[in-house]
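Peer 1: Could you have a look at this structure, given as structure tokens, before my questions?
The values are calculated or read from the model by the stated rules, or taken from the named source; none is laboratory data. The structure presented is a predicted model; accordingly, all values stated were derived computationally and were not measured. Here Cβ is always computed from backbone atoms with ideal geometry, including for glycine, and neighbour counts include all displayed protein chains. Just the protein is used for accessible areas: all its heavy atoms, side chains included, with ligands, DNA and RNA removed. Shrake-Rupley method; radii C 1.70, N 1.55, O 1.52, S 1.80 Å.
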Amino acid sequence: MQEVPILSSRQSELDEPEDESRWAPIQLAAAQGSLSQVQRLLAQSVDPNEPAIGYYGQTALQAASCNGHLAVAEMLLAAGADVNAPGGNNGGRSAVVLASGAGYLDIVHLLVSAGADIHCPSHQYMGRTALQAAAEGRHIELLRWLLEQGADVNALAAKTLGRTALQAAALGGHADAVEILIHHKAYVNAPAVRYRGFTALQAAAFGGYSRIVRQLLDAGANVNAQGSYFNGYTALSAAAECGHYEIVRILVDAGADVSMTSGNKKWTAAQIAIFRGQTSVTQIFQEIKLTSSEPPSLMRSKPQVGLNTGM
């Protein structure tokens, strides 16, 4: 019987597909907040800067920061942890961005005092700046502090699934954060990113947040801004998609163009409402059709794609 050759551990590792859950011992210890374990590993000359592996990996400092382990973060920094190291490929979030998203003000203070860059641009895929992350999580005290430190309220959003600070706050329904950001001159009409993006008004309309819709309209939001190309909406079609009757009314009264199409499917808000079975919203568009002096083409035919397939 032929013996199977025994591969070295290094060769086995190379031959295995990348395992997204593989974390170095020091990263696991930091994530769990085990100060004694981190101390023991550092005493064995383990590198505090073991790189993040895979799409969702984190360095030890990032793991400690996003889980609120202040003492572990302090120990890692003292051992030479890179405060601005990038994270895994999905989001690529540094320690200060992760701590901001989780709302750990004390850790953000620590990281910034150690040289963390709050102005670092967002990673191109699902990335956030520290301010965008704080706005998304509705961490108001931290949001104010970052603004006081000069964080760019209008920093560009990530190319895919990106949100400006105002867009993030609006999508989360955080009216208080929206108010603060508008007060600090947030650009109300920052465009939606091409892939699965929202303007602030589209985000609020999609989420059903009528108070924020009014806030943004009062601040000059463009009711007819183009939506994202991929899975995008105008504000009106976003509200129609989700059946937000009151918001559809608000937007129509504010001058929303019912004939506009959106996204890669190029459907009107009325078509979307019909397709989704949003009967009360559909009635609004039927009333507009009956009372409008425009040609009946404003109400286009019900979309045929998927009607008999359960889509």
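Peer 1: Going by what's in this entry, would Ala73 be described as closer than 17 Å to Asp117 by Cβ, surrounded by 22 or more Cβ atoms within 10 Å (Cβ to Cβ) and more than 18 Å from the chain's Cα centre (by Cα)?
Peer 2: Answer is yes for this residue.
Peer 1: If you don't mind, there's one more thing I want to ask. Assuming Leu171 fulfils every condition listed in (1) part of a loop (DSSP other than H, G, I, E, B); (2) closer than 20 Å to Val223 by Cα; (3) open to solvent by 20 Å² or more (accessible area, probe 1.4 Å) apart from one, which condition is it?
Peer 2: (1)
Peer 1: Out of Ala190, Ala240, Ala221, Ala225, I need the residue that is open to solvent by less than 50 Å² (accessible area, probe 1.4 Å) and not in a loop (DSSP other than H, G, I, E, B). Which one?
Peer 2: From the options Ala190, Ala240, Ala221, Ala225, the qualifying one is Ala240.
Peer 1: Across region 243-278, what is the number of residues that are open to solvent by less than 50 Å² (accessible area, probe 1.4 Å) and part of a helix (DSSP H, G or I)?
Peer 2: 12
Peer 1: Looking at Leu146, Leu156, which one is farther than 26 Å from Gln286 by Cβ and assigned to a helix (DSSP H, G or I)?
Peer 2: The match here is Leu146.
Yes/no matrix, rows are residues, columns are (1) without any contact (Cβ under 8 Å) to a residue 24 or more places away in the chain; (2) more than 14 Å from the chain's Cα centre (by Cα); (3) outside the structural domain of Glu287 (by the TED database):
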residue: Glu148; (1), (2), (3): yes, yes, yes
residue: Leu161; (1), (2), (3): no, no, yes
residue: Ala203; (1), (2), (3): no, no, no
residue: His244; (1), (2), (3): no, yes, no
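Peer 1: Kindly indicate whether Val178 is part of a loop (DSSP other than H, G, I, E, B), in contact (Cβ under 8 Å) with a residue 12 or more places away in the chain and of a type in the set (Val, Ile, Thr).
Peer 2: Details: part of a loop (DSSP other than H, G, I, E, B): no; in contact (Cβ under 8 Å) with a residue 12 or more places away in the chain: yes; of a type in the set (Val, Ile, Thr): yes.
So Val178 does not fit the description; no.
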